[in-house]
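Undergrad: First the structure, which I've put down as structure tokens, then a few questions once you've had a look.
The values are calculated or read from the model by the stated rules, or taken from the named source; none is laboratory data. No experiment lies behind these values; they were computed from the predicted model shown. All Cβ positions, glycine included, derive from the backbone under ideal geometry; neighbour counts span all protein chains shown. Keep in mind that these areas ignore ligands, DNA and RNA; they rest on the heavy atoms of the full protein, side chains included. Shrake-Rupley method; radii C 1.70, N 1.55, O 1.52, S 1.80 Å.
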Amino acid sequence: MYRYDEFDNTFVRERVAEFRDQAERRLSGQLSEAEFKPLRLRNGLYLQLHAYMLRIAIPYGELSPRQLRQLAMIGRKYDRGYGHFTTRQNLQFNWVRLVDMPDILDALADVEMHCIQTSGNCIRNTTADPYAGAAFDEIEDPRVWCEVIRQWSTLHPEFNWLPRKFKIAISGAAEDRAATEFHDIGLRIVKGPDGKTGFRVLVGGGMGRSPFVGKEIRPFLEKQHLLSYLDSMLRVYNRYGRRDNIYKARIKILVHELGIDKYREEVEADWEANRKESIDLPQAEYDRIAAYFEPPALAPRPVRDEGVDARRETDPAFAGWLRNNAKPHKVPGYTSVVVSLKEPGRTPGDASSEAMELVADLAEQYGNGAIRVNYTQNLILPHVAWSDLPALYDALAAGGLATGNNELLGDLICCPGLDYCNLANARSIPIAKEIAKRFEDPERQAEIGQIRLNMSGCINACGHHHSGNIGILGVDKKGTELYQITLGGSPKDDASIGSIIGPGFRAEAVPDAIDTIVSTYIAHRDEGETFLDTWRRLGAEPFKEALYGAR
Amino acid sequence: MDKRNAKRLADANKAGDTVQALTANRLSDGIVVYLDGQGGWTEDMAKARFAEDDETLQQMQGIADKAVADRLVVEVYPIGVMIEDEGPVALSVRERIRAAHKTTLTKDWYDVPL
């Protein structure tokens, strides 16, 4: 993984010192709250429902064991002993104190981490395929370009005060596991006509109150031009994006209102005019960064293992975990393991300090020291030998981290909702827990098969409800928490936005409603059909009939 | 006052048969607090001062403004509260969660007025 050089270290330390001074001036009265608020937000510090919340950047979801242990320490020393992994591969602490913030930032800097640009109208943390560098279907490792973008976008003088926040995602594999079509800019590494790799560039995707699937602005962009092309895309947005209405300020609205053809025309004109003077990356600098992402030297390991086979035969829980949570690896004899943070009864995405330390230890023992965060709020050990799986499973199970529900119904995404968030209209965590309990039986989840259920506590859609095969949106209807259900969304290559199925449900009725939808799917599915296949073949009618027929 | 808090104020003023408390977050640690009868700030809503009329609320707001200037609290706004036999209960689910100082009212989440 990337390691800070002297410049990076100095920059982050200076930023900590700057914030220490800002916090002291706020506490001594030299700064008003109005003056201080934008400064703390630029360092990831929000004031939420119960307390201050700190959002820590995890660049493209990659963590070392040392970093995860430091996060565990911060959780234990400065918070309540746990953190929350978010749908943008970051970590949030929900109970930090303003007076402790400078020391927390110092502790983060000790392990090459920070909170810069985790809030504000700037380019946020670039997200990526969490299986980067390991996935069997990878065309090229996207982390090199994520790091290039991180360095380019940090305190970028032209793009630090955009009309609104800006999110970029990159996938370098055949399958989109980074929801690139729901980002302001989505980059897919693809092979061009001459066999060279480049980027398919998407723009204007997003969720929130106006959801859009990204539109293709370029089917193929030569890699060496990425930064100058991003420059032009951002410059056109910065020039024409609305600043008068926060709800219409994201680039998706600009692209929608201009039309993709006109937006493309503007970008291409800017690119032609400025690219020679722009800052495309010299090959030597690319090579320097790429060297940090060399694949690990994985010792040859057997492709099959008798211990694994025997355990699979005798232990259904292990067999289910193996089936769902061990993903194909590009090196024979290895696998990528999903460490589920979705044990029934737990808050999705939450990890205690003890759990973080356990994962850090196991990453060193079995995972070549690599840890990733998935936007679906799980952790991943990307490089694990197949023959180590029984021992790893037992160690994870001892910590409650071996739930074998990856990509099944129990693996639902859930935002913090009204339990934590100042923007939320309704709770999401208790609903998620009730749904997880309802579908706790692994056999039932296996019968249902892969399905994505996403839930948000407000229209800002941090829980990605628009892209859930089943989406749940909490709303406030005249003081009552009500839950709208959408069906048919997808975050993958067939990206789509779910459709509202009908009137909303009171909280206590939501688990029954989800049960009805799932049972309807099972009753109507053809052999081998996923939920999305059945929905697209049959449409809304059978689901509406099942949910509302008796009304 | 930001738009969300202005709406909360309007909602609180709409409620009939209720009293109002002033809530805020403590500047140093962000913890939810309520203005009490001695002009201080308490984490326990049961110890809050409750206004039964606009005049009292205005007087309380003056005390809160000084606390903001003195850097004790931020984000002050009024909330509607119902005084019940077992004590004061915030009208909105949001404020009940804040008053609980914890997340996910898991045990009785169905029972919170929805």
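Undergrad: No other cysteine beta carbon under 4.7 Å away is the test; run it over the protein assembly as shown and list who passes.
TA: If one checks each Cβ against the other cysteines of the protein assembly as shown, A:Cys115, A:Cys122, A:Cys146, A:Cys414, A:Cys421, A:Cys458 turn up with nothing under 4.7 Å.
Undergrad: With all protein chains present and a 1.4 Å probe, how do A:Glu343, A:Glu364 order by accessible area, largest first?
TA: Values: A:Glu343 65, A:Glu364 105 Å².
Correct descending sequence by accessible area is A:Glu364, A:Glu343.
Undergrad: Sticking with this structure for a sec: To the nearest 20 debye, what charge dipole does the protein assembly as shown have about its Cα centre, counting +1 at the Cβ of each Lys and Arg and -1 at the Cβ of each Asp and Glu? Each step should come with its number before you reach the end.
TA: Numbers: 84 positive and 98 negative charges, 246 e Å.
Dipole size: approximately 1180 debye.
Undergrad: Charges on Cβ only, +1 for Lys and Arg, -1 for Asp and Glu, centred on the Cα centroid of chain A; of A:Phe543, A:Ile522, A:Phe318, which one is farthest towards the dipole's positive end?
TA: Highest projection toward the positive end goes to A:Phe543.
Undergrad: In the structure shown, do any of A:Lys37/A:Lys342; A:Lys223/A:Lys330; A:Lys165/A:Lys223; A:Lys196/A:Lys276 have a Cα-Cα gap over 31 Å, and if so which? Display every interim value, and only then the final one.
TA: Numbers: A:Lys37/A:Lys342 34 Å; A:Lys223/A:Lys330 23 Å; A:Lys165/A:Lys223 25 Å; A:Lys196/A:Lys276 22 Å.
The pairs that break the limit, which is 31 Å between Cα atoms, are A:Lys37/A:Lys342.
Undergrad: Here is a further query. What shape does region A:64-121 take by its C-alpha gyration tensor, where a ≥ b ≥ c are the square roots of the eigenvalues and a/c under 1.5 counts as rounded, a/b above b/c as prolate, and the rest as oblate? Can you show the working numbers first?
TA: Details: a/c = 1.19, a/b = 1.10, b/c = 1.08.
Since a/c stays below 1.5, the shape of region A:64-121 is classed as rounded.
Undergrad: Still on this model: Once a ≥ b ≥ c are taken as the square roots of the eigenvalues of the Cα gyration tensor of region A:188-251, is the result rounded (a/c under 1.5), prolate (a/b larger than b/c) or oblate (a/b not larger than b/c)?
TA: Details: a/c = 4.35, a/b = 1.91, b/c = 2.28.
Because a/c hits 1.5 or more and a/b fails to exceed b/c, region A:188-251 counts as oblate.
Undergrad: Using a simple charge model, +1 on the beta-carbon of Lys and Arg, -1 on the beta-carbon of Asp and Glu, nothing else, what dipole does region A:413-548 show about its Cα centre, in debye to the nearest 20? Walk me through the numbers on the way to the answer.
TA: Values: 14 positive and 19 negative charges, 100 e Å.
Here the size comes out at about 480 debye.
Undergrad: With θ set to phi - 60°, apply the Karplus curve 6.51 cos²θ - 1.76 cosθ + 1.60 along region A:334-348 and write out the HN-Hα couplings as whole Hz, x wherever there is a Gly or Pro.
TA: Listing the rounded values in order: 10, 8, 9, 9, 8, 8, 6, 9, 10, 4, x, x, 9, 6, x Hz.
Undergrad: Looking at region A:133-232, which GluC sites (Glu not before Pro) are in a loop (DSSP not H, G, I, E or B) and have at most 11 other Cβ atoms within 10 Å? Spell out each step's value before the answer.
TA: Numbers: sites: A:Glu138, A:Glu140, A:Glu147, A:Glu158, A:Glu175, A:Glu181, A:Glu216, A:Glu222; in loops: A:Glu140, A:Glu158, A:Glu175.
The qualifying sites are A:Glu158.
Undergrad: Report the GluC sites (Glu not before Pro) located in region B:33-97 that are in a DSSP loop and have at most 16 other Cβ atoms inside 10 Å of their Cβ, or state none. Show your work: numbers first, answer last.
TA: Numbers: sites: B:Glu43, B:Glu52, B:Glu55, B:Glu75, B:Glu84, B:Glu86, B:Glu95; in loops: B:Glu43, B:Glu52, B:Glu86.
Those satisfying the criteria are B:Glu43, B:Glu52, B:Glu86.
Undergrad: Could you tell me the accessible area of A:Ile522 in Å² (1.4 Å probe, neighbours in place), rounded to the nearest ten?
TA: About 40 Å², ignoring ligands and nucleic acids.
Undergrad: For each pair in A:Lys77/B:Lys47; A:Lys262/A:Lys478; A:Lys77/A:Lys248, compute the distance between the two Cα atoms and list the pairs where it is over 32 Å.
TA: Details: A:Lys77/B:Lys47 30 Å; A:Lys262/A:Lys478 41 Å; A:Lys77/A:Lys248 41 Å.
Too far apart for the 32 Å limit: A:Lys262/A:Lys478; A:Lys77/A:Lys248.
Undergrad: Could you tell me which of A:Pro102, A:Leu155, A:Asn121 has its Cα farthest along the dipole of region A:100-196 towards the positive end, charges placed at Cβ (Lys, Arg +1; Asp, Glu -1), taken about the Cα centre?
TA: Checking the options against the dipole of region A:100-196, the answer is A:Asn121.
Undergrad: Output needed: percent of Cα pairs per 10 Å distance bin for region A:237-387, bins running from 0 to the one holding the longest distance.
TA: 9, 23, 21, 19, 20, 8, 1
Undergrad: With charges only on Cβ, +1 for K and R and -1 for D and E, what is the dipole size of region A:142-292 about its Cα centre, in debye, rounded to 20? Numbers along the way, then the final one.
TA: Working: 26 positive and 22 negative charges, 121 e Å.
Charge dipole, region A:142-292, about its Cα centre: 580 debye, nearest 20.
Undergrad: Give the shape of region A:142-292 as rounded, prolate or oblate, defined through the alpha-carbon gyration tensor: a ≥ b ≥ c are the square roots of its eigenvalues, a/c under 1.5 means rounded, and otherwise the shape is prolate if a/b is larger than b/c and oblate if not. Walk me through the intermediate numbers first.
TA: Working: a/c = 1.57, a/b = 1.36, b/c = 1.15.
Verdict is prolate for region A:142-292.
Undergrad: Would you compute the Debye intensity of chain A from its alpha-carbon atoms alone, equal scatterers and no solvent, and pass along log10 I(q)/I(0) at q = 0.12 Å⁻¹ to two decimals?
TA: Listed by q, the Debye log ratios stand at -1.24.
Undergrad: I need the trypsin sites (Lys or Arg not before Pro) found in region A:132-201, filtered to DSSP loop residues with at most 11 other beta carbons within 10 Å of theirs. Let's see the in-between values first.
TA: Details: sites: A:Arg143, A:Arg150, A:Arg164, A:Lys165, A:Lys167, A:Arg177, A:Arg188, A:Lys191, A:Lys196, A:Arg200; in loops: A:Arg164, A:Lys165, A:Lys167, A:Arg177, A:Lys196.
Answer by residue number: A:Lys196.
Undergrad: While we're here: Give me, ordered by chain and number, the residues 5 or more places off A:Ser496 or on other chains with an amide H under 5 Å from its own placed amide H.
TA: It is A:Ser490, by chain and number.
Undergrad: Please give the Cα centre distance for region A:454-499 versus region A:260-298, rounded to the nearest Å.
TA: First find each Cα centre; the distance between them is then 34 Å.
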